[in-house]
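Let me begin by presenting the structure, written as structure tokens, before commenting on it.
The values are calculated or read from the model by the stated rules, or taken from the named source; none is laboratory data. For clarity, every value in this text was computed on a predicted model and none was experimentally measured. Using ideal geometry, Cβ is built from the backbone for each residue, glycine included, and neighbour counts are taken over all protein chains shown.
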Amino acid sequence: MSGDLEISFTVQRRDFPVAAELTIPTGEHLVLFGPSGAGKTTVIEAIAGLVRIEGTIRLGSQVLTESGPPYSSIPLHRRRVGLVRQDPALFPHLTVAENIGFARRLPVDAPAILQIGDGLGLAGMLSSLPAALSGGQRQRVALARVLASDYATLLLDEPYTGLDQSLARELTRRAVESTASVPSIMVTHDLDAAQSFGDRIAVLDHGRVLQVADPRTIVVRPATRRVAELVGYRGFAGLGGLGDRRVAGIHPDRVVPGAFPERGVVLEGAVRTCRPSGAGHELELNTSGSVVVVRLPAAAQIGEYLTVTALDPPFFPEAGR
């Protein structure tokens, strides 16, 4: 049995404190999203019992850490925390099957090992040593080892960084499918990975949680200008109205050519740059002194004057962050 993961703590780092107050219900997949150094891994390490906290961490009915009376801290090996990191940290002298079954001392032919190995595409290499595997295969083994353990919550700390996108998506899907009965957290600075894994996304910056919401809301309705910047907004256009001190956030993928004032904010400007981007082109437009980035189906000439509409954009105070 598992239970909700409840965290409310502060970790004092040398550069800045990291604070988090979140509840991850059983079966939910939460993403900690933000730039490098924002404090995401510190949150994961705190849950795993690797760093000292001021506060409380509770998993179901069990208190993992309590910094105040009655003071308690359960060691990592007794927390039932499944942790997968960027470094798979496999035992080099053990076979794939032995690595998978290590935590529960399972025999190499145990049904759980065979089932999990087959599900993660490892059936043909269970007798291989880690040195014979590719980086992606080693990450499969690291995930399989956790899935074969007696875990009550799953923590993924940027485990797929450096892998090709298709493999990262596959392993993310496997993790989601395998953790429907436990609370799970993934750390990433990749928005695509965050949206693939997360039921909710918690945006962190400089040790603070700026917004927690479902993936679409995070992108379409960022709570602050800083959140907007972190999720891909590439410009902020002043409205130009008399006494209006707001700016509209411009996301490159939420722009269409033409003037449609009933659908959003109309922008006009000269093309500064144009380059291929996916199936279309990414352009920089100089709009009344503000440079915004948009992606459109067709290319445009440098200096060409275009009219585009930012669809239902979020608005922020002119000087706000």
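Computed quantities for the displayed model
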read-out: Members of segment 141-160 found to be in a strand (DSSP E or B) and either surrounded by fewer than 24 Cβ atoms within 10 Å (Cβ to Cβ) or of a type outside the set (S, T, Y) (or both), listed by number; value: L154, L155, L156, D157
read-out: Enumeration of residues in segment 160-184 that are within 14 Å of A48 (Cβ to Cβ) and not polar (S, T, N, Q); value: P183
read-out: Qualifying residue in segment 183-206 (condition: farther than 30 Å from N286 by Cα, assigned to a helix (DSSP H, G or I) and more than 13 Å from the chain's Cα centre (by Cα)); value: no
read-out: Subset of segment 20-41 that is over 14 Å from the mean Cα position of the chain (by Cα) and of a type outside the set (D, E) - its residue that is surrounded by the most Cβ atoms within 10 Å (Cβ to Cβ); value: A20
read-out: Looking only at segment 59-81, and only at residues there that are over 22 Å from the mean Cα position of the chain (by Cα) and part of a strand (DSSP E or B), the one that is surrounded by the most Cβ atoms within 10 Å (Cβ to Cβ); value: L64
read-out: Complete set of residues in segment 99-120 that are surrounded by fewer than 21 Cβ atoms within 10 Å (Cβ to Cβ) and either within 25 Å of I47 (Cα to Cα) or in contact with a strand residue (DSSP E or B) (Cβ under 8 Å, 6 or more places away or on another chain) (or both); value: F102, A103, R104, R105
read-out: Candidates V43, V63, V84, V31 - the one that is over 17 Å from A202 (Cβ atoms), touching a strand residue (DSSP E or B) at 6+ places or on another chain (Cβ under 8 Å) and touching a residue at least 60 places away in the same chain (Cβ under 8 Å); value: V84
read-out: Condition broken by P35, with the remaining ones in (1) outside any loop (DSSP other than H, G, I, E, B); (2) within 18 Å of G198 (Cα to Cα) satisfied; value: (1)
read-out: First in segment 106-120 and in the same structural domain as E177 (by TED's automatic domain parsing), second anywhere and among the hydroxyl-bearing types (S, T, Y) and assigned to a helix (DSSP H, G or I), Cβ under 9 Å, 6 or more apart; value: I116/S178; G119/S178
read-out: Residue among R174, R138 that alone is modelled with pLDDT of 90 or more and assigned to a helix (DSSP H, G or I); value: R138
read-out: Of all residues in segment 82-98 being under 27 Å from the mean Cα position of the chain (by Cα) and at negative phi, the one that is surrounded by the fewest Cβ atoms within 10 Å (Cβ to Cβ); value: D87
